[in-house]
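All remarks here apply to the structure that follows.
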Amino acid sequence: MPVPLLDMQAQLQPIRDEILNAVTSVVDSGRYIMGPEVEGLESEVADYLGVKNAIGVSSGTDALLVCLMGLGIGPGDIVITTPYSFFATAGVVDRLNATPVFVDIDLKNYNMDAGKLAEWFSNASDEDRKRVKAIVPVHLYGQCCDMEAVMDIAEQHSVPVIEDAAQAIGAQCTFRGEKVSAGGMGIAGCLSFFPSKNLGGIGDGGMVVSNDDAFADKVRLLRNHGAKPKYYHAMVGGNFRLDPIQAAVLRVKLKYLDSWHEARNANAGRYNEMFSSELFVKPEVSAYTERHVYNQYVIRVPEKRDDLRKALNEEKIGCEVYYPVPFHLQECFAPLGLKKGDFPHSELAANTTLAIPVYPEITEEQQREVVNAITTFYA
Ligand SMILES: Cc1ncc(COP(=O)(O)O)c(C=O)c1O
């Protein structure tokens, strides 16, 4: 029985008419740039996450880029993140001619190790410490980073935090005694509506969320070439606008998001029970996690990960490696002068992790098939 990594059709079919009606209404409205669908989605996502501002943008990548632009980041500045994420997290730093600096991940949840962040600040020269203009923790696979620890360090050094919540819409954690959503703790958070995300559009899309009104206003301007009023530019922005067709589709899907999160959690729970062998390291839920949204269910396997991947693909079982090459070993970052061995946890994760299907509509039988195929490979 084939099991895809993600079954777009299974999600679409029950809501296909609603989606098509939403698209049709944008087509018929003649409002093709910004307008009520974008504003509607912004206010609904802000409510959903309990944040003051939400600004629809063209992608998760552009959400990160526009936030760094909003902080005025440029040549000579340092932005600290981890080496283990989707390329955009570090790519945007380089695009602004700033320098990405990496701290390793915690292998328990693949997110920034706050201890390593503290260590970096203790070991850095005064000059380098002053160059740090942002910290970008990533809430990878749908689970929050240890934000309390990261924010404490950031505040100690007066550095703003931009959360990369591209994979974590609706993820929640305990933060300073309260239950808070991913994206709502730093100066801003960045969401992606890439189709494979828990809330995915029918194309690219993203959002910046922020509780800081002044920063949100700046991002709103930068999203549209920095124009205020139209044709008058006090700052240089870009065209980072969210397409209203995407907004209309996302508004339909947002109504189902909690039920999809719940289904992903139930599926993750089932995998946890099915993987009885100690050979596989299952995803760990951190003590501060209030809600994991399992954008990915990622296991670590003992050896021959790439052979396993090939074997699963031959059996038509979807799986993927997120991500095979950590940033410090990417060819484009060779000028940073980093080398193998610099970030051992990221390297171990890159070599041994495998994401298996956890999408909401997967059946128990399909999950059993996935687990059997993996277990048989190592028998
Ligand atoms: C962690 C992370 N950051 C940033 C992005 C970029 O988002 P997008 O693909 O919408 O540009 C993604 C998504 O692919 C992601 O997973």
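One table, with the values for the structure above:
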quantity	calculated
Equivalent-ellipsoid semi-axes of the chain, from the Cα gyration tensor, Å, largest first	32, 29, 18
Links that overshoot a 25 Å alpha carbon limit, given the list LYS218/LYS253; LYS230/LYS253; LYS130/LYS197; LYS310/LYS339; LYS197/LYS255	LYS218/LYS253; LYS230/LYS253; LYS130/LYS197; LYS310/LYS339
Sparse-neighbourhood loop sites, trypsin sites (Lys or Arg not before Pro) in region 193-275 - DSSP loop, at most 14 other Cβ within 10 angstrom	LYS230, LYS255
Kirkwood-based shape ratio for region 42-154, expressed as Rg/Rh from alpha carbons	0.97
Region 257-377, relative contact order [Cα under 8 Å, separation at least 6], %	36 percent
Dipole magnitude of region 1-81, debye to nearest 20 (Cβ charges: Lys/Arg +1, Asp/Glu -1, about Cα centre)	160 debye
Mean separation of Cα contacts under 8 Å (6+ apart) over length of the chain, as relative contact order %	23 percent
Unmatched cysteines, the chain - criterion: no other Cβ of a Cys under 4.7 angstrom	CYS67, CYS145, CYS190, CYS319, CYS332
Full-stretch length increase - LYS255, LEU279 - with 0.36 nm per residue and alpha-carbon distance subtracted	4.8 nm
Shape parameters for region 257-377, alpha-carbon atoms, Rg then Dmax in Å	15.9, 48
Sum of side-chain charges, ASP212 neighbourhood, beta-carbon under 15 Å (Lys, Arg +1; Asp, Glu -1)	-1
Region 136-174-region 292-343 distance, computed between alpha-carbon centres (Å)	22 Å
For the chain, the longest site-free run once GluC sites (Glu not before Pro) in DSSP loop states with at most 13 other Cβ atoms within 10 Å are removed	1-277
Length gained when the stretch LEU20-GLN330 is fully extended (0.36 nm per residue, less Cα-Cα span)	107.5 nm
Cα-projected label distance for LYS179 with VAL27, points at 7 Å along beta-carbon direction, nm	4.1 nm
Extreme residue, positive dipole direction of region 257-377, given options LEU257, PHE275, ALA334 (C-beta unit charges)	ALA334
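Values in this text are rule-based calculations from the coordinates and carry no lab data. Predicted model only: the values in this text are computed from it and were never measured. Because the Cβ atoms are built from the backbone with ideal geometry, glycine has one as well, and the counts that use them run over all protein chains shown.
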